[in-house]
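Before any comments, here is the structure.
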Amino acid sequence: MALVILAHPTYDKSFANKTIMEALQNSKLDLEIRDIHALYPDYKIDVQAEQAALLRHQTIVFQYPFYWYSMPAILKQWFDVVLTHQFAYGSEGDKLKGKNFVPSFTVGSSKESYTTLGFQHFRVYEFCKHLEQTAYHTQMNYIDPIYTYGSSLAAGYQEAEIKKEAQQHAAKLIAAIKELEI
Ligand SMILES: Cc1cc2nc3c(=O)[nH]c(=O)nc-3n(C[C@H](O)[C@H](O)[C@H](O)COP(=O)(O)O)c2cc1C
């Protein structure tokens, strides 16, 4: 059983993340899904409830759209308040030790844009260093992020293409969770 922290501030308008979440829900995986924006629309996160959820699982998936080369504010807030001293780090803060940290996100722009000569310049993995170090600092196992390019309807990508990519993304994520849960 894995925990999915879903962080999307406008999930009602989501297409890519919704497609991924629907595939996860239709999979046979036993998942606990926490839609943190729906749970905490005022950003007042229940730290104890979130830490208790973390303790119940060995694999933690973070599902979100890529925002400003990082994550939506609600997820940053979640990290800020849930990963506390002596829980997630510090001399006695080993509660997350050995758990799997799985970033899973949708990227608005194209793959070509995330190249040195592309308009986003850097490769997506270069924007993920903070995730990797967060995992190490909390003694978690960092799993290579799963992400999908060209997921923005606003940028002109078509629903059919986004759907196909998002379904492939979900299949990769489901396979990764299964492998980790063995
Ligand atoms: C506030 C905001 C910031 C965004 N920042 C980025 C970004 O830095 N890079 C990028 O490629 N796309 C960016 N996008 C596009 C989203 O990543 C894209 O629309 C989303 O992943 C699509 O998923 P959804 O259909 O589930 O919303 C941004 C979108 C918004 C609304």
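The values are calculated or read from the model by the stated rules, or taken from the named source; none is laboratory data. Please read these numbers as outputs of a predicted model, since none were measured by experiment. Positions of Cβ are generated from backbone atoms using ideal geometry, with glycine treated the same way; all protein chains shown enter the neighbour counts.
Just for segment 80-111: of the residues that are within 25 Å of D42 (Cα to Cα) and surrounded by fewer than 18 Cβ atoms within 10 Å (Cβ to Cβ), which one is nearest to the ligand (Cβ to nearest atom)?
As a first pass, look at segment 80-111 and keep what is within 25 Å of D42 (Cα to Cα): 80-85, 87-88, 103-106.
Now drop any that are not surrounded by fewer than 18 Cβ atoms within 10 Å (Cβ to Cβ), which leaves 80-81, 84-85.
Values: D80: 18, V81: 21, T84: 27, H85: 30 Å.
If we take residues in segment 80-111 being within 25 Å of D42 (Cα to Cα) and surrounded by fewer than 18 Cβ atoms within 10 Å (Cβ to Cβ), then D80 is nearest to the ligand (Cβ to nearest atom).
F105 versus (1) within 21 Å of P9 (Cα to Cα); (2) of a type in the set (F, W, Y); (3) in a loop (DSSP other than H, G, I, E, B): which is the lone unmet condition?
Every listed condition holds for F105 apart from (3).
Is it fair to say L39 is away from the ligand (no atom under 16 Å from the Cβ), in contact (Cβ under 8 Å) with a residue 40 or more places away in the chain and either on the phi > 0 side of the Ramachandran plot or more than 16 Å from the chain's Cα centre (by Cα) (or both)? Steps first, answer last, please.
Details: away from the ligand (no atom under 16 Å from the Cβ): yes; in contact (Cβ under 8 Å) with a residue 40 or more places away in the chain: no; either on the phi > 0 side of the Ramachandran plot or more than 16 Å from the chain's Cα centre (by Cα) (or both): yes.
Answer is no for this residue.
Out of T138, T148, I need the residue that is under 30 Å from Q48 (Cβ atoms) and out of contact with any Lys or Arg (no Cβ under 6 Å at 6 or more places or on another chain). Which one?
Working: T148 fails: under 30 Å from Q48 (Cβ atoms).
Of T138, T148, the one residue that is under 30 Å from Q48 (Cβ atoms) and out of contact with any Lys or Arg (no Cβ under 6 Å at 6 or more places or on another chain) is T138.
From the list K76, K28, K44, exactly one residue is at pLDDT below 95 and out of contact with any Asp or Glu (no Cβ under 8 Å at 6 or more places or on another chain). Which is it? I'd like the intermediate steps shown before the answer.
Details: K76 fails: at pLDDT below 95; K44 fails: at pLDDT below 95.
When all the criteria are applied, what remains is K28.
Just the residues that are in a loop (DSSP other than H, G, I, E, B) and charged (D, E, K, R), please, taken from segment 1-40. Before the answer, list the steps.
Just the residues of segment 1-40 that are in a loop (DSSP other than H, G, I, E, B), to begin with: 1, 7-10, 14-15, 27-30, 40.
K28, D30, listed by residue number.
Consider only pairs whose beta carbons are under 6 Å apart and that are at least six residues apart or on different chains; among these, list those whose first residue lies in segment 158-175 and is under 16 Å from P103 (Cβ atoms) and whose second residue is among the aliphatic types (A, V, I, L, M) and surrounded by fewer than 18 Cβ atoms within 10 Å (Cβ to Cβ).
A170/A23
Being out of contact with any Gly (no Cβ under 8 Å at 6 or more places or on another chain), farther than 19 Å from M1 by Cα, among the acidic types (D, E) and in a helix (DSSP H, G or I) is the filter here, so list the residues in segment 143-182 that pass it.
Scanning segment 143-182 gives a single hit, E159.
Does segment 58-70 include one or more residues that are away from the ligand (no atom under 16 Å from the Cβ) and assigned to a loop (DSSP other than H, G, I, E, B)? Reasoning before the result, please.
Taking segment 58-70 as the starting set, the residues that turn out to be away from the ligand (no atom under 16 Å from the Cβ) are 58-60.
In the following step, the residues that additionally are assigned to a loop (DSSP other than H, G, I, E, B) were identified as 58.
Yes: one or more hits.
Give segment 1-17 a look and list any residue that's crowded, with 17+ Cβ neighbours inside 10 Å and either without any contact (Cβ under 8 Å) to a residue 60 or more places away in the chain or more than 9 Å from the ligand (Cβ to nearest atom) (or both), or say none.
Answer for segment 1-17, where residues must be crowded, with 17+ Cβ neighbours inside 10 Å and either without any contact (Cβ under 8 Å) to a residue 60 or more places away in the chain or more than 9 Å from the ligand (Cβ to nearest atom) (or both): A2, L3, V4, I5, L6, A7, S14.
Does any residue of segment 116-130 turn out to be touching a Phe, Trp or Tyr at 6+ places or on another chain (Cβ under 9 Å) and among the small types (G, A, S)?
The answer is no; no qualifying residue exists.
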